[in-house]
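Encoded as structure tokens, the structure appears first; notes follow it.
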Amino acid sequence: MEAGTIQLTDSLKSLFRETAQQLKGSKRRQFMAKIVKGLGVGGQSQAERELGWNRGTIRQGMQELTSGIPIQDAFERRGRKRVESKLPNLLEDIRSLVDPHSQADPTLKSERLYTRYLCGPSTSSTNTAKRL
């Protein structure tokens with residue numbers, strides 16, 4: 001054991017993992033960074049290996065600790081954008097294609113409209129045989 005490092009026991013590992021899981025965002029990153037600082041030299045590698053923490057997250061936490069300014073999470077920028085933002089008239093276009101072919105439920109038990117498929121002619125086995 002090197003000087004200035006803490007030996008992580010199983011009870012400490014589970015305590016650190018549980019605490020990190022309960023925290024969110026900047027508080028979690030700063031907690032992880034404080035633990036890594038306490039581990040000393042090679043603490044990031046040790047925390048990644050033994051606690052399963054991401055080194056990038058630890059580095060962000062270290063940056064937050066040294067600057068004193070929390071990094072804002074960008075949850076709204078994640079994921080796929082809605083198709084309506086690219087094609088604002090999409091819903092109207094679909095309705096204009098489907099409405100002339102829609103009909104009410106014949107039993108009138110539902111308010112839904114039903115539409116037959118608007119596909120082109122199908123390729124059946126007889127058409128394939130004629131082409132051969």
* Just checking, which of 76, 50, 84, 92 is assigned to a helix (DSSP H, G or I) and surrounded by 11 or more Cβ atoms within 10 Å (Cβ to Cβ)? -> 50
* To do: Take residue 113 and decide whether it is of a type in the set (A, V, I, L, M, F, W, C), at pLDDT below 80 and exposed (fewer than 10 other Cβ atoms within 10 Å of the Cβ).
  => no
* For the stretch 53-60, does any single residue satisfy the condition of being of a type in the set (Val, Ile, Thr) and under 21 Å from the mean Cα position of the chain (by Cα)? -> yes
* What number of residues within the stretch 1-24 are of a type in the set (Gly, Ala, Ser), more than 29 Å from the chain's Cα centre (by Cα) and either at pLDDT 90 or above or within 22 Å of residue 69 (Cβ to Cβ) (or both)? -> 1
* To do: Tell me, yes or no, whether the stretch 25-44 has at least one residue that is under 22 Å from the mean Cα position of the chain (by Cα), loosely packed, with under 14 Cβ neighbours inside 10 Å and part of a helix (DSSP H, G or I).
  => yes
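The values are calculated or read from the model by the stated rules, or taken from the named source; none is laboratory data. Not measured: the values here are computed from a predicted model. Note that we place each Cβ from the backbone using ideal geometry, even for glycine, and neighbour counts take in every protein chain shown.
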